[in-house]
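The values are calculated or read from the model by the stated rules, or taken from the named source; none is laboratory data. Since the structure is predicted, the reported quantities are computational estimates derived from the model, not experimental observations. All Cβ positions, even for glycine, are placed from backbone atoms using ideal geometry, and neighbour counts span all protein chains on display.
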Amino acid sequence: MDASPLPKAVYMLHNLAHVELNAIDLAWDTVVRFSRYGLPAAFYADFARVADDESRHLAWCIQRLRELGFDYGSMPAHNLLWEGCEMSAADLGARLAIVPMSQEARGLDAGDRLSKRLVGMGDNRTAAIVRQIATEERAHVAVGVTWFHAICAGAGVDPGPKFRRLLLELCPGLLKGPFNDAERQLVGLPAAWYDARLWEPELRDVAAAAVAAASKAEYAGAPAVAAGSAAGSAVAAALAPVAEPEKLRRIAARLATMLDLEVQTATSA
Ligand SMILES: [Fe+2]
Ligand SMILES: [Fe+2]
């Protein structure tokens, strides 16, 4: 962030505007892409409402950027959130676990820190926008949690292990804190799902290694576990491949880089 020629508040606001723009596209993508699944109408209505919220959030960000003398497009942006969309395109469970339940949950983790930082910089108006957006993001994560439970129940699958497996295989970088546990629990995300420090020892070690490798942008996919190995069946089940490994490795590494940047942005002085 220090390398950016933009004022810090503008830099943060621009990052947020970019997230909101992608969030609009992601919500509509979920509606359209999974329309062939014939899910209940409430599913599509929920994600249409999310898209509506995101477009309002984007409008707030752009209005404030303009008040500060800038606009959306004043600095380069990344394509990483959309890549998170692509990697979950073939699997509704993966879409819910990665986008609303993890990417959007990052907004719950960072919202309070970001708004306090903006207050500290004297920008109360931008801080209020960030606070309001973070509050509304709770409903988006809750939509993901609700439908994840529904599809797992429909498939007769235990949602906790399924969530852990998807995150570990597709996006181990999203298993990295800091987490706002109170905010996440408010929307029905149990810490035992996303906080690998609470997992059984074998799986916890695998997750720690994957997170560390992802942080170094060297993630090479979850390690293979031989059938009947000492790692146990829970670990083997958690590591079963769920999508094209090569593409996932590339995206996981890039997502990890983005998440590190987010944490740095929210915590640097
Ligand atoms: Fe939003
Ligand atoms: Fe959202």
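Here are the numbers for the structure shown:
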read-out: Test: residue in region 57-67 that is basic (Lys, Arg) and more than 16 Å from ligand 2 (Cβ to nearest atom); value: yes
read-out: Residue tally, condition assigned to a helix (DSSP H, G or I) and surrounded by 17 or more Cβ atoms within 10 Å (Cβ to Cβ), over region 114-130; value: 8
read-out: Selection status of residue 137, farther than 22 Å from residue 35 by Cβ, assigned to a helix (DSSP H, G or I) and touching a Gly at 6+ places or on another chain (Cβ under 8 Å); value: yes
read-out: Residue in region 64-83 that is touching a helix residue (DSSP H, G or I) at 6+ places or on another chain (Cβ under 8 Å), within 13 Å of ligand 1 (Cβ to nearest atom) and of a type in the set (A, V, I, L, M) present; value: yes
read-out: First in region 102-122 and among the hydroxyl-bearing types (Ser, Thr, Tyr), second anywhere and more than 16 Å from ligand 2 (Cβ to nearest atom), Cβ under 7 Å, 6 or more apart; value: 102/167; 102/171; 115/127
read-out: Some residue of region 34-43 being in a helix (DSSP H, G or I) and surrounded by 23 or more Cβ atoms within 10 Å (Cβ to Cβ); value: no
read-out: Any hit, region 80-95, residues being closer than 20 Å to residue 106 by Cα, within 16 Å of ligand 2 (Cβ to nearest atom) and not in a helix (DSSP H, G or I); value: yes
read-out: Tabulated pairs, region 7-32, first under 20 Å from residue 50 (Cβ atoms), second among the hydroxyl-bearing types (Ser, Thr, Tyr) and within 16 Å of ligand 2 (Cβ to nearest atom), C-beta under 7 angstrom, 6+ apart or interchain; value: 24/55
read-out: Residue satisfying all of: in region 131-156; away from ligand 1 (no atom under 16 Å from the Cβ) and loosely packed, with under 15 Cβ neighbours inside 10 Å; nearest to the chain's Cα centre (by Cα) among these; value: 149
read-out: Qualifying residue in region 6-24 (condition: under 22 Å from residue 174 (Cβ atoms), touching a Phe, Trp or Tyr at 6+ places or on another chain (Cβ under 9 Å) and acidic (Asp, Glu)); value: yes
read-out: Selection from region 165-192 of residues that are closer than 22 Å to residue 80 by Cβ, in a helix (DSSP H, G or I) and modelled with pLDDT of 95 or more; value: 184
